[in-house]
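Derivation of every value follows stated rules applied to the coordinates shown; laboratory data play no part. What you see is a predicted model, and the numbers here were worked out from it, not measured in a lab. Don't worry about glycine lacking a Cβ; one is built from the backbone with ideal geometry, like all the others, and counts go over all protein chains shown.
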Amino acid sequence: MIKFVAPMAILAIVSSPLLAQEHKPGMEHGKMDHGAMGEMMRPTLANPYPQAEMDMHQKMIGAVGSDATETWVRKMIEHHRGAIAMSRIVIDRTRDAKVRAMATKSSADQTREIAELQAWLRTHGKRAE
């Protein structure tokens, strides 16, 4: 037999572990050591992409339209621009001809998709970027 559980009770059950984690002693964000995060964000020979990734994510977060559809279009434009930035990095650094060709194709595809998204904005009376 299935019993009815009130939505608020379900919310309390599901969120209580999350709330308990939120205020743990010693977890004051202002005093946390961000060294590990800074280390992850430092470009290396093996991972030269952190700045391009951060730029893309910041721009995606800021890309907001008048409704969910326009917001998606604007976020996808920034996402594609990030892919182009990362493709340019690997094109400059790789010795692998196949990877260079794939990155070059990806960059061209992303550029075309940005143009399509920009056209959609203009067609719908929105400011293109």
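Numbers for the structure displayed
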item	result
Karplus-derived 3J(HN,Hα), 6.51/-1.76/1.60, for each residue of the range 106-111, Hz, glycine and proline x	4, 4, 5, 5, 5, 4
Charge sum, other residues only, whose C-beta stays under 10 Å from ASP55's C-beta, Lys/Arg counted +1 and Asp/Glu -1	0
Positive dipole terminus of the range 56-121, leading residue within HIS57, GLN118, THR69 (C-beta point charges)	HIS57
Distant-in-sequence amide H partners of GLY65 (H built 1.01 Å from N, under 5 Å)	THR71
Net charge dipole size for the range 49-129 [Lys, Arg +1 and Asp, Glu -1 on Cβ; Debye, nearest 20]	260 debye
Summed residue charge, Cβ within 14 Å of LEU45's Cβ, Lys/Arg positive, Asp/Glu negative	+2
Relative contact order for the range 42-129, counting Cα pairs under 8 Å that sit 6 or more residues apart, in percent	24 percent
Calculated diffusion of the range 42-129, Stokes-Einstein form, Kirkwood radius summed over Cα pairs, 37 °C and 0.692 mPa s, µm²/s	236 µm²/s
